[in-house]
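K.L.:
Supplied in structure tokens, the structure appears directly below.
Values in this text are rule-based calculations from the coordinates and carry no lab data. Everything numeric here is computed off the predicted structure, so don't read it as measured data. Neighbour counts run over all protein chains shown; Cβ positions are idealised from the backbone, glycine included.
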Amino acid sequence: MLQINSGKLYTRGVGRTNQLRGVLYSNLELCYGKDVPTVAGTLRETDGIRGNRAIVYEIEERIEAAEAGPGILISHTIAPFLTDFSALASFGLRAIVSPDAAVVERLTSKGPGFASYDPPSKFALRYFDERLPLRDDEIALFSAFVDQLIALDRKSFLAAMRAIRTFVTGLHRMRDDLALAYTLFVSAVESLAQEFDGYSTHWHDVDERKRGPVDKALAKASARTRDGVREAIRSTEHASLARRYRAFVLNHVGGDYFRASGLVPGAAIARHELEEALRQAYALRSRYVHNLRELPDALTLAQGHREVAEVDRRPVLSFEGLIRLTHHVISAFVATGNTVEHEPYDYMMEQSGVVMAPLAPELWVGRPLRKAKDARQRLEGHLSQIVPLLAGKQKATITDLRPIYPDIERLAKSSGAANRTTLLTLYTLFAALMSKDDRSERLDALLQQHSAKIGEPSSEALVMGTLFGSLDAWPLETHKETLERYFEQRSKPGGLHAPKLLDAAMCFALAERCRKERDFDAALDWIGRAVETHPGLPAVVALESDFSQRRKIDWQSVLLPKLTKPKRRRRTKQNKPSGGSKKGAPAPDCKAGNS
């Protein structure tokens, strides 16, 4: 929100301003009359009474001029700015700043925490001190840092803020879980490395276990052949994340890092120790992430603020060393990042309080269909409407698809077999719920022309066959394989997502076929799959408990009762199709189960 508020991303200029004020809490001591002004807001001291940790944060909120149309944004309120600036101030001023006073009290307490017998202040200089008088030079450096951060291009700014928030979260976890805190400090820089390191894999980066046999096999090949094979392997080889992390850090650590003021002789890390210490830091991060391994005792015992501990004769970054190094690398990334004065940018989904959620199918199922590849989504939306209708849910409706009959016909004629099958399945399912007068002669002709292809085993054919009771035409083994393949592909981009109730119905339909073939073990297995496909639904559980080898599994009457009800000619209120006719779709005649 802080960079958005600067106005550099706006295309229509600032249309509204608000003066916002809120309270933050910190171990910082702001001198009387010494504000902390930045382009992202100002910190001001309060009454100065000893023990009062409150400081005032003020910002001028700038809202972009609205486009022509209904609605206007009044204010985001101070809350999102407090959250963002508290993280920024914690990082830039090397202190604890939070909208929650209890967080500051907890982290600056001298008592032992859950993670160690020592408080966080024993592991890192400055950040966790009870009181931190703020000097003029520190205010100037922080103001310059915020200027540079806000000036970054949007991609770099978002990455820097993610790293800063992760760094601050690591500080907050030092009283609860030292291993998690250590992991977060490493991850803060790792996130930058994966997006901005520009690392290119070289042949020597390929794992020796792969590189050695390849080199041996190519020993007698020509130089051209050797280079071609190596390049083919190298181009598809992902560089080790640990290697990229080390390279990114080393690229951002210059000579000034070892000449910084305030270093304790004998306690600061040496350059020759740095690469191995980074290797060990990433290994500790991986052990925690994958195995929840605790840190070595050398790191969980206070080290007198030494930057390097020794574990098995190897240098390992202590918390003091890792925190200083991580802070330096993030600061260097910001200092050297690409800056732009004005960058028109669609920030709508990045504003505070904005979330992305799928629209209800009735808002888009009936809209004009322009691309054949959209047919799968339309089919899923249509299924999400007809299944509740067939289940007898009150007020369940379907969107009228008659306005897009011409679109379905046009695309079905010109698209490939897979999309054509999906398009004609969409029409078939809708038309089966309509009267004969509401069908399309041209689409019916296409159905007749491609009936053999549409009937071949597929997820679409499985859905239609389950609802229409026509799967007995498939061999039982084909039915099983098709349903297994449906579940395997369901979560993949090209898979079909049917409602869970229909998933359970498909399992019961196969279970009934197995029962009729007297394969009772398989029938019980698929009934169990049905329960696990739609857990918690009493009707599904009841079908499992009532199973009998001699009695039909009547899943239609229990799950989708309207499949078995006689046709009734009546009309009911339906959803208006988006972008189509205002005439409602006729009520389903519920003849599908008898087809």
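K.L.:
Which residue, Gly262, Gly228, Gln280, has the largest displacement toward the positive end of the dipole of region 209-284 when charges sit on each Cβ (Lys, Arg +1; Asp, Glu -1)?
P.N.:
Farthest along the dipole direction, towards plus: Gly228.
K.L.:
Here's a follow-up. Long-range amide H contacts for Glu64: which residues qualify at under 5 Å (H placed 1.01 Å from N, peptide plane, sequence gap of 5 or more or a different chain)?
P.N.:
Gly15
K.L.:
Count charges around Leu274 for me, please; just the other residues with Cβ under 11 Å from its Cβ, Lys/Arg as +1, Asp/Glu as -1.
P.N.:
Within the 11 Å Cβ shell, the charges total -1.
K.L.:
Shifting gears a bit: Arranged by the count of other C-beta atoms within 10 angstrom, fewest first, what order do Lys122, Lys552, Lys395 take?
P.N.:
Lys395, Lys552, Lys122
K.L.:
As a footprinting exposure proxy, order Val531, Val56 by other Cβ within 10 Å, with the fewest listed first.
P.N.:
Val56, Val531
K.L.:
Sort the following peptides by mean Cβ neighbour count (other Cβ atoms within 10 Å, averaged over residues), highest first: 135-146, 261-272.
P.N.:
Going by the mean number of other Cβ atoms within 10 Å, highest first, we get 135-146, 261-272.
K.L.:
Let me ask you something else. Give the residue from Leu510, Pro538, His450 lying farthest towards the positive end of the charge dipole for region 362-594; charges sit on Cβ (+1 for Lys and Arg, -1 for Asp and Glu) and the dipole is referred to the Cα centre.
P.N.:
Positive-most Cα among the choices belongs to His450.
K.L.:
To continue, here is another question. Counting other beta carbons within 10 Å of each residue's own, what order do Trp474, Trp526 fall into, fewest first?
P.N.:
Fewest-to-most Cβ neighbours within 10 Å comes out as Trp474, Trp526.
K.L.:
Would you mind working out the magnitude of the charge dipole of region 362-594 relative to its Cα centre, with +1 at each Lys and Arg C-beta and -1 at each Asp and Glu C-beta, to the nearest 20 Debye?
P.N.:
1260 debye
K.L.:
Using a cut-off of 9 Å between beta-carbons, work out the net charge of the residues near Ala65 (Lys and Arg +1, Asp and Glu -1, Ala65 not included).
P.N.:
Its environment carries a net charge of 0.
K.L.:
Where the only charges are on Cβ atoms (+1 Lys, Arg; -1 Asp, Glu), what is the dipole of the chain about its Cα centre, to the nearest 20 debye?
P.N.:
2560 debye
K.L.:
For Asp525, what charge total do you get from the other residues with a beta carbon under 12 Å from its beta carbon, if Lys and Arg give +1 and Asp and Glu give -1?
P.N.:
-2
K.L.:
Once each part is reduced to its C-alpha centroid, what is the distance from region 16-95 to region 220-298 in angstrom?
P.N.:
Each part's Cα centre sits 38 Å from the other's.
K.L.:
Between rounded, prolate and oblate, where does region 267-320 land on the alpha carbon gyration tensor, with a ≥ b ≥ c its root eigenvalues, rounded for a/c under 1.5, else prolate if a/b exceeds b/c?
P.N.:
Oblate, because a/c is 1.5 or more while a/b does not exceed b/c.
K.L.:
Which GluC sites (Glu not before Pro) from region 36-127 combine a DSSP loop assignment with at most 14 other Cβ atoms within 10 Å?
P.N.:
Of the GluC sites (Glu not before Pro), the ones in loops of region 36-127 whose Cβ has at most 14 other Cβ atoms within 10 Å are Glu67.
K.L.:
So what is the relative contact order for region 362-594, in percent, with contacts set as C-alpha pairs under 8 Å and at least six apart?
P.N.:
After rounding, I find 28 percent.
K.L.:
With +1 on the Cβ of every Lys and Arg and -1 on the Cβ of every Asp and Glu, and nothing else charged, how large is the dipole of region 121-184 about its Cα centre, in debye rounded to the nearest 20?
P.N.:
With only Lys, Arg, Asp and Glu charged at Cβ, the dipole is about 280 debye.
K.L.:
Let me have the 222 nm mean residue ellipticity of the chain computed from DSSP H runs of 4+ only, each contributing -39500 (n - 2.57), with the sum over all residues rounded to the nearest 500.
P.N.:
Roughly -14500 deg cm²/dmol at 222 nm, from the helical runs in the chain.
K.L.:
Same structure, new question: Taking the Cα centroid of region 529-560 and of region 418-439, what is the distance between the two, rounded to the nearest whole Å?
P.N.:
28 Å
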